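Enquirer: One structure, pasted below without further comment.
The values are calculated or read from the model by the stated rules, or taken from the named source; none is laboratory data. Fair warning: this is a prediction, and the values are worked out from it, not measured in the lab. Please note: Cβ atoms are built from the backbone with ideal geometry, for glycine as well, and neighbour counts cover all protein chains shown. For the accessible areas, the whole protein counts, side chains as well, though only heavy atoms, and no ligand, DNA or RNA atoms are used. Shrake-Rupley method; radii C 1.70, N 1.55, O 1.52, S 1.80 Å.
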Amino acid sequence: MNFMTTFNQVFMLFALILIGYAANKKELITQNLNKELSNIVLYITLPALIIKSMQYDFSKEMLKSSIGIIIISIFMYLMSILISFFVIKNLDVRGKIKDIIQFLIIFPNVGFMGYPVISSIYGDRGVFYTALFNMPFNILVWSVGVIIMSRNSDKDNKISIKEIFINPGMFAIIIGYILFLLSIKIPTPIYNILNVLANTTTPMSMILIGSILAESSIKQALKNKYLLIVSCLRLLIIPCIVYFTLKEVFHLKGLLLGIPSIVSAMPSAANCAIFATKYDNDHILASQGIFITTLLSVITIPLIVFLMNSKL
């Protein structure tokens, strides 16, 4: 795929973000509706997209690539965790600020941003591998993420095995991958339903993100030096490390290079604000971090894609 085609796809996504932003400002979308739309995406349309996109006949090549993408994902998250510890130590931050900064650095927004961007660039095959790439995220966010966000909270930081493995995203990945391994085709009427639902994921996710951005203060976010450092790491430094490591050290190409590089360039995960609220952490700082990284990603994602195209 050439650069202009990719750029047009990414531009379309951010045009949808602007629509969501304007809709919120005009009070066509309310805060309550944001929550309801989030649930629709997380519990209905995104699982449908994942299952539908994993409808491939079993092949040894795809099995080998799927194992490879999971290993790469583990590498990326371990690297992000190490970087986060290095950063909070050198910034000399304490308490809840440390928790939020570390969480923002480690976890990218795969659900609302990663899947739509990859789907627009690589299609169903890209979503297939992105779903597998996201498996370590689902495990780490409910283990490492909970530990980070609750360590300065009065609430119990007990890790729930149920929440790690029984959630909409993981459930859809497991079902989709089993169907792939057994080469089981979903009956046409059910597939058509999944396809219709899946097709709404991208526009709904992008409009939702735009609406969420409209409820935050850009001035406060831009004044916070810690969030600017986080944005630089999350949106530029980490994806560049991932890209050049996979390309120059492991000599990977195609989807095994493109998907990890693009996913690692996503803004900070919305889970940060959700967990901050759940564990009595600084949810305002978390929301500002999500806001500023998502806003800046409008520029940085096309930039990362441009750099990839110029090197491939």
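Enquirer: Rounded to the nearest 500 deg cm²/dmol, what is the calculated helix-only ellipticity per residue at 222 nm for the chain, with -39500 (n - 2.57) per DSSP H run of length n ≥ 4?
Expert: Per the formula, -23000 deg cm²/dmol.
Enquirer: Do any trypsin sites (Lys or Arg not before Pro) in the range 82-127 lie in a DSSP loop with no more than 13 other beta carbon atoms within 10 Å, and if so, which?
Expert: Of the trypsin sites (Lys or Arg not before Pro), the ones in loops of the range 82-127 whose Cβ has at most 13 other Cβ atoms within 10 Å are ARG94.
Enquirer: Reachable lysines from LYS247, Cα under 26 Å, same-chain residues fewer than 8 places away excluded?
Expert: In chain and number order, the partners are LYS60, LYS64, LYS311.
Enquirer: Treating cross-link reach as a plain straight distance, find the lysines whose alpha-carbon is under 29 Å from the alpha-carbon of LYS26, omitting any fewer than eight places away in the same chain.
Expert: Leaving aside lysines fewer than 8 places away in the same chain, those within reach of LYS26 are LYS35, LYS219, LYS223.
Enquirer: Using only the Cα atoms, what convex hull volume per residue in Å³ does the range 9-89 have?
Expert: 177
Enquirer: What chymotrypsin sites (Phe, Trp or Tyr not before Pro) in the range 101-172 are in a loop by DSSP, with at most 15 other Cβ atoms within 10 Å of the Cβ?
Expert: Qualifying residues, ordered by number: none.
Enquirer: For the chain, what are the DSSP H helices with axial Cα length of 15 Å or more and mean Kyte-Doolittle hydropathy of at least 1.0?
Expert: Both cut-offs are met by 3-25, 60-91, 95-106, 168-181, 201-213, 283-311.
Enquirer: For LEU140, LEU208, write out the residues from largest to smallest accessible area, computed with a 1.4 angstrom probe and no ligands counted.
Expert: Largest accessible area first, the residues go LEU140, LEU208.
Enquirer: Next question. If you rank ILE71, ILE51 by how much accessible surface each has, with a 1.4 Å probe, what is the order from largest down?
Expert: ILE71, ILE51
Enquirer: Would you mind working out the magnitude of the charge dipole of the chain relative to its Cα centre, with +1 at each Lys and Arg C-beta and -1 at each Asp and Glu C-beta, to the nearest 20 Debye?
Expert: 360
Enquirer: While we're looking at this one, here's another question. With every protein chain kept in place and ligands, DNA and RNA left out, what is the accessible area per residue of the chain? Probe 1.4 Å, answer in Å².
Expert: Ligands and nucleic acids excluded, the result is 46 Å² per residue.
Enquirer: I would also like to ask the following. Given the C-alpha atoms of the range 190-294, compute the convex hull and give its volume per residue in Å³.
Expert: 143
Enquirer: If you stretched the chain out fully between TYR43 and ILE284, how much longer would it get, using 0.36 nm times the residue separation minus the C-alpha to C-alpha distance?
Expert: 84.2 nm
Enquirer: A further question on this structure: So if the hydrodynamic radius of the range 35-148 is defined as the Kirkwood radius over C-alpha pairs, what does Stokes-Einstein give as its diffusion coefficient at 37 °C and 0.692 mPa s, in µm² per second?
Expert: 210
Enquirer: Enter the mean projected area of the convex hull around the alpha-carbon atoms of the chain, in nm², rounded to one decimal.
Expert: 15.8
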